[in-house]
1. Please go through the stretch 478-494 and pick out each residue that is within 16 Å of the ligand (Cβ to nearest atom) and under 18 Å from Ala158 (Cα atoms).
2. Quick one: count up the residues across the stretch 298-334 that are touching a Gly at 6+ places or on another chain (Cβ under 9 Å), closer than 23 Å to Asn391 by Cβ and either surrounded by 22 or more Cβ atoms within 10 Å (Cβ to Cβ) or among the aromatic types (Phe, Trp, Tyr) (or both).
3. For the structure I just gave you, tell me whether Ala393 is part of a strand (DSSP E or B), within 16 Å of the ligand (Cβ to nearest atom) and either crowded, with 18+ Cβ neighbours inside 10 Å or more than 26 Å from the chain's Cα centre (by Cα) (or both).
4. Would you confirm whether any residue within the stretch 206-213 is part of a loop (DSSP other than H, G, I, E, B), touching a residue at least 40 places away in the same chain (Cβ under 8 Å), open to solvent by 10 Å² or more (accessible area, probe 1.4 Å) and over 29 Å from Val478 (Cβ atoms)?
5. Among the residues of the stretch 420-434, are any closer than 21 Å to Cys299 by Cβ, among the aliphatic types (A, V, I, L, M) and without any contact (Cβ under 8 Å) to a residue 40 or more places away in the chain?
6. Would it be correct to say that Leu171 is within 10 Å of the ligand (Cβ to nearest atom) and buried (at least 24 other Cβ atoms within 10 Å of the Cβ)?
7. Search the stretch 1-29 for residues that are on the phi > 0 side of the Ramachandran plot and pair each with any residue that is in a helix (DSSP H, G or I) and open to solvent by 40 Å² or more (accessible area, probe 1.4 Å) when their beta-carbon atoms are under 6 Å apart and the residues are at least 6 apart or on different chains.
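The values are calculated or read from the model by the stated rules, or taken from the named source; none is laboratory data. These numbers come from a predicted model, not from an experiment. Here the Cβ positions follow ideal geometry from the backbone for every residue, glycine too, while neighbour counts run over all protein chains shown. When the accessible area is computed, the model is the full protein with side chains, heavy atoms only, and any ligands, DNA or RNA have been set aside. Shrake-Rupley method; radii C 1.70, N 1.55, O 1.52, S 1.80 Å.
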Amino acid sequence: SVIAKLELLPEVEAFLNKSPFASFVGGKEFPAASGKLIPTLDPGSGETIAEIHDLDASEIDRAVDIANEAFPAWSGLTQPERSQILLQLAAAVEKHKPIIAQIESLDAGKIQAQAAGDVQNFVDTLRYFVGLADQVQTRTKLDSPGYDAWTYKQPWGACAFIFPWNFPFLLIGWGISPALAAGNTVVIKPAEDTSLSALYLAQLAKEIGVPDGVINVVTGRGATAGAALTQNKNIKRMSFTGSPEVGQLVGEACGRNLIPVKLELGGKGAAVVFDDVDVAETAKALVGAITFHSGQVCCDATRWLIQEDIYDEFVAQCIKLMKDVKIGHPLDPNSQMGPVVNPKQCERVLGYQTKGKAGGAECIYGGGAATVEGYEGNYVNPALLAGTLDNVAAQEEIFGPVAYLAKFSTEEEAIAMANDTQYGLANSVWTTDNDRAARVAEAMIAGNSWINAHNVFAQGVPYGGVNKSGMGGGVLSVETLMDYYRSTSVVRPL
Ligand code: NAD
């Protein structure tokens with residue numbers, strides 16, 4: 001086996017040896033009574049690294065009940081008591097960063113250094129929201145002439161979270177940190193391909209003294225376990241990160257029960273490149289972005305709109321850079337780009353290349369499956385397609401290292417092209433003209449616009465999409481924390 005030859009940390013080996021993994025609910029292992037298991041694979045070698053339990057609907061419902069039962073005690077702590085526990089969790093995650101990063105790297109096909117960055121981001125996000133929650137005034141006096149009036153904010157109860165496979169650990173941090181800091185309990189449903197880091201987190205939380213039932217992880221298939229969580233009437237809020245197709249189902253299910261829902265969905269971001277840029281630097285940044293985690297990044301720039309007079313030079317630079325990208329196993333320190341998550345995703349990426357070409361696009365570089373000697377993983381080559389924006393490969397999210405290029409001549413045309421999409425997550429504009437940069441950044445319809453950068457995040461800078469990219473307020477900001485409190489206005493005559 002290839003895995004046996006990889007140099008795994010002893011702690012990671014010990015963890016994987018615990019397979020098959022039950023879910024983790026109420027501070028203990030929570031097995032599927034059916035005994036059904038789902039294999040989880042190393043995308044870099046195609047080998048099974050562990051198995052996880054596949055819960056059924058009644059088990060999901062029980063997990064939600066357990067999370068609600070843990071709520072009074074957790075929400076009843078003082079803010080300093082709760083913050084103290086969460087800061088201990090942040091410290092423990094930071095201390096175990098190499099272990100979690102290697103588990104994540106192996107389970108999600110993520111370059112190890114990038115996985116370590118994701119773990120640190122979890123830690124930073126948890127600390128950020130704890131710091132914010134410490135400042136929240138839960139009682140605020142209101143102005144109501146003749147009356148004594150105030151609002152009282154309190155957490156909701158058990159909040160549900162469903163996550164995708166591309167940033168399994170980081171997204172858990174973005175999702176649950178504000179919920180926990182505000183005093184809610186959480187039920188996490190990770191993607192079936194990438195549940196291991198969530199299970200590790202739940203065990204770590206138990207070890208450092210997070211009360212039982214505060215952080216619960218339920219594992220299973222989306223269509224069964226995931227759907228059961230969205231249909232449960234006792235969750236107080238739902239947060240879903242994933243595809244728009246499933247997001248619609250989640251929204252419908254929550255709508256039926258009038259459960260508040262936050263949807264963080266896909267994207268088809270544009271990078272608008274004007275002719276006054278440093279072409280080599282801009283090409284480097286965009287090739288870096290599209291090959292980062294093999295293009296499996298919701299906010300990626302996947303439509304590159306290039307001003308016509310630098311188009312040829314820009315393409316030449318991109319081709320040169322793409323040729324140098326070292327594709328390899330995520331745990332190989334020389335690898336720059338790892339595999340895509342599973343064979344289905346591989347087919348999806350290659351299928352869009354075929355469909356794009358059938359629709360009239362030209363493949364100007366790369367494409368197809370890639371081979372990495374010694375590994376039977378899901379590797380694909382980076383690719384550049386070019387053509388008109390009515391092409392399926394320019395309209396639909398591919399979720400792979402495939403950029404679609406088109407030319408523009410004027411600023412108006414560039415804005416119209418950038419907005420020719422159903423999505424609205426994140427775009428970027430590249431120019432040395434500051435006024436134009438700000439104009440275009442504001443004119444592109446999306447939750448996020450970057451100027452001379454792409455994929456830059458900070459705790460405190462709101463992140464989230466509009467239109468087909470999501471709804472419900474986004475993540476990472478002060479407003480996100482406030483979503484995890486409900487408020488009651490109280491009024492009495494003076
Ligand atoms: P997906 O929608 O297939 O699955 C996401 C999660 O939903 C998984 O945990 C899955 O088990 C679960 N699920 C599947 N069917 C379900 C159902 N019927 N009911 C309830 N849950 C169900 O998405 P994916 O393929 O895992 O992830 C890729 C997608 O996620 C892309 O579209 C990407 O852009 C998006 N994404 C968005 C963000 C963001 O912040 N906006 C971040 C990361 C990924």
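1. Here is the first cut: in the stretch 478-494, the residues within 16 Å of the ligand (Cβ to nearest atom) are 479-480, 483.
Correct list: Thr480, Asp483.
2. The qualifying residues number 6.
3. Values: part of a strand (DSSP E or B): no; within 16 Å of the ligand (Cβ to nearest atom): yes; either crowded, with 18+ Cβ neighbours inside 10 Å or more than 26 Å from the chain's Cα centre (by Cα) (or both): yes.
So Ala393 fails the test.
4. Looking for residues that are part of a loop (DSSP other than H, G, I, E, B), touching a residue at least 40 places away in the same chain (Cβ under 8 Å), open to solvent by 10 Å² or more (accessible area, probe 1.4 Å) and over 29 Å from Val478 (Cβ atoms), one finds at least one in the stretch 206-213, hence yes.
5. Here is the first cut: in the stretch 420-434, the ones closer than 21 Å to Cys299 by Cβ are 420-431.
Then drop every residue that is not among the aliphatic types (A, V, I, L, M), which leaves 425-426, 429.
Now drop any that are not without any contact (Cβ under 8 Å) to a residue 40 or more places away in the chain, which leaves none.
No, every residue in the stretch 420-434 fails to be closer than 21 Å to Cys299 by Cβ, among the aliphatic types (A, V, I, L, M) and without any contact (Cβ under 8 Å) to a residue 40 or more places away in the chain.
6. Details: within 10 Å of the ligand (Cβ to nearest atom): yes; buried (at least 24 other Cβ atoms within 10 Å of the Cβ): yes.
So Leu171 passes the test.
7. Gly27/Lys206
Each row is one residue, and each column tells you yes or no for (1) at pLDDT below 95; (2) open to solvent by 60 Å² or more (accessible area, probe 1.4 Å); (3) part of a loop (DSSP other than H, G, I, E, B).
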residue	(1), (2), (3)
Lys407	no, yes, no
Glu412	no, yes, no
Ile415	no, no, no
Gln422	no, yes, yes
Ala446	no, no, yes
Leu481	no, no, no
Thr488	no, no, no
Val491	no, yes, no
